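Report on one structure; see the data block that follows.
The values are calculated or read from the model by the stated rules, or taken from the named source; none is laboratory data. Worth saying up front: this structure is predicted, and the values here are computed from it rather than measured. With ideal geometry, Cβ positions are generated from the backbone for all residues, glycine too; neighbour counts draw on all protein chains shown.
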Ligand code: 13P
């Protein structure tokens, strides 16, 4: 992928989380369409995350087009009697380069714990996959003034084994649960405030240099009409997009964000 030097200290990362949408053929067709629309857009990493069944087709479709493919989850063991699970090595074998870990839907619907997230992040790093570790508070937690406490707990547990040299090889996604799929985007100020807090927590845990190299994304009702103001915030290094990543025209507009 082409890299530009710019005023930004970190290369923006724009990731589409397709959740449980798109067959393999639909995903490959989407990537063809997206690649044509974002040709010439440089200076940012573009990632799509299909369901497991779409990964191989997506990697083939994305080859040589400046688009990377992420999985939506991974297990921490290399192999074994773990029915239904997929190992990090199985992902890298396909050409997958990133993995979303600890999405709030995994935590809330499938009971993933902070400890599970920690093991998955560690395994992904060990296998050279870029983990995109998700954190975020519920609406009730925000209303009770517990946002920072929740974020600090999720970060401390998830990253307890993080070495400072791993920081540049991972990303954190701040996804307030009240903003996911609701159309209620966090204001750029709220997103910046939470993401600034996350960066300060990382600095406390892993040092200034590590905190400056971790890319921190915002996720939750990101759309073509709010991407530019989100990306104008100093600590927002990219976005994790759900619904608006399913259509090539809207995702291409998000990829082509215009901001400082
Ligand atoms: P929406 O963009 O649909 O709100 O989903 C956000 C999300 O969960 C991305 O991981």
Breaking point among (1) more than 19 Å from residue 142 (Cβ to Cβ); (2) part of a helix (DSSP H, G or I); (3) away from the ligand (no atom under 16 Å from the Cβ), for residue 193: (1)
What single numbered condition from (1) more than 16 Å from the ligand (Cβ to nearest atom); (2) closer than 28 Å to residue 214 by Cβ; (3) out of contact with any helix residue (DSSP H, G or I) (no Cβ under 6 Å at 6 or more places or on another chain) fails to hold for residue 59? (3)
Among the residues of segment 231-240, write down those that are crowded, with 21+ Cβ neighbours inside 10 Å and more than 13 Å from residue 16 (Cβ to Cβ). 231, 236, 237
For segment 241-253, which positions are surrounded by fewer than 23 Cβ atoms within 10 Å (Cβ to Cβ) and touching a helix residue (DSSP H, G or I) at 6+ places or on another chain (Cβ under 6 Å)? 244, 248, 250, 252
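Just to be sure before I move on: is residue 33 surrounded by fewer than 20 Cβ atoms within 10 Å (Cβ to Cβ) and at pLDDT 95 or above in the structure I sent?
Numbers: surrounded by fewer than 20 Cβ atoms within 10 Å (Cβ to Cβ): yes; at pLDDT 95 or above: yes.
When the stated conditions are applied, residue 33 passes them.
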When segment 231-260 is checked residue by residue, the ones that are away from the ligand (no atom under 15 Å from the Cβ), in a loop (DSSP other than H, G, I, E, B) and in contact (Cβ under 8 Å) with a residue 40 or more places away in the chain are 232, 233, 234, 235, 237, 256, 260
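Restricted to segment 216-230, and to residues that are part of a helix (DSSP H, G or I) and in contact with a helix residue (DSSP H, G or I) (Cβ under 7 Å, 6 or more places away or on another chain), which residue is surrounded by the fewest Cβ atoms within 10 Å (Cβ to Cβ)?
So, considering only residues that are part of a helix (DSSP H, G or I) and in contact with a helix residue (DSSP H, G or I) (Cβ under 7 Å, 6 or more places away or on another chain), the one surrounded by the fewest Cβ atoms within 10 Å (Cβ to Cβ) is 229.
Looking at the structure I just gave you, is residue 141 away from the ligand (no atom under 16 Å from the Cβ) and surrounded by fewer than 13 Cβ atoms within 10 Å (Cβ to Cβ)? First the steps, then the outcome.
Working: away from the ligand (no atom under 16 Å from the Cβ): yes; surrounded by fewer than 13 Cβ atoms within 10 Å (Cβ to Cβ): no.
No, not satisfied.
Which of the helices (runs of 4 or more DSSP H) contained wholly in segment 113-172 include at least 2 residues that are within 23 Å of residue 77 (Cα to Cα)?
Working: elements: 114-126, 139-143, 147-158.
Fully inside segment 113-172 and qualifying: 114-126, 147-158.
Here is a yes/no grid of residues against (1) over 30 Å from residue 38 (Cα atoms); (2) surrounded by fewer than 22 Cβ atoms within 10 Å (Cβ to Cβ); (3) out of contact with any helix residue (DSSP H, G or I) (no Cβ under 7 Å at 6 or more places or on another chain):
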site: 75; (1), (2), (3): yes, yes, yes
site: 85; (1), (2), (3): yes, yes, yes
site: 113; (1), (2), (3): yes, yes, yes
site: 119; (1), (2), (3): yes, yes, yes
site: 123; (1), (2), (3): yes, yes, no
site: 135; (1), (2), (3): no, no, no
site: 163; (1), (2), (3): yes, yes, yes
Residue identified as closer than 25 Å to residue 47 by Cα, surrounded by fewer than 17 Cβ atoms within 10 Å (Cβ to Cβ) and either more than 15 Å from the ligand (Cβ to nearest atom) or touching a residue at least 60 places away in the same chain (Cβ under 8 Å) (or both) among 175, 204, 212: 212
Quick check on my filter: what residues within segment 87-111 are surrounded by fewer than 22 Cβ atoms within 10 Å (Cβ to Cβ), away from the ligand (no atom under 13 Å from the Cβ) and under 17 Å from residue 19 (Cβ atoms)? 110
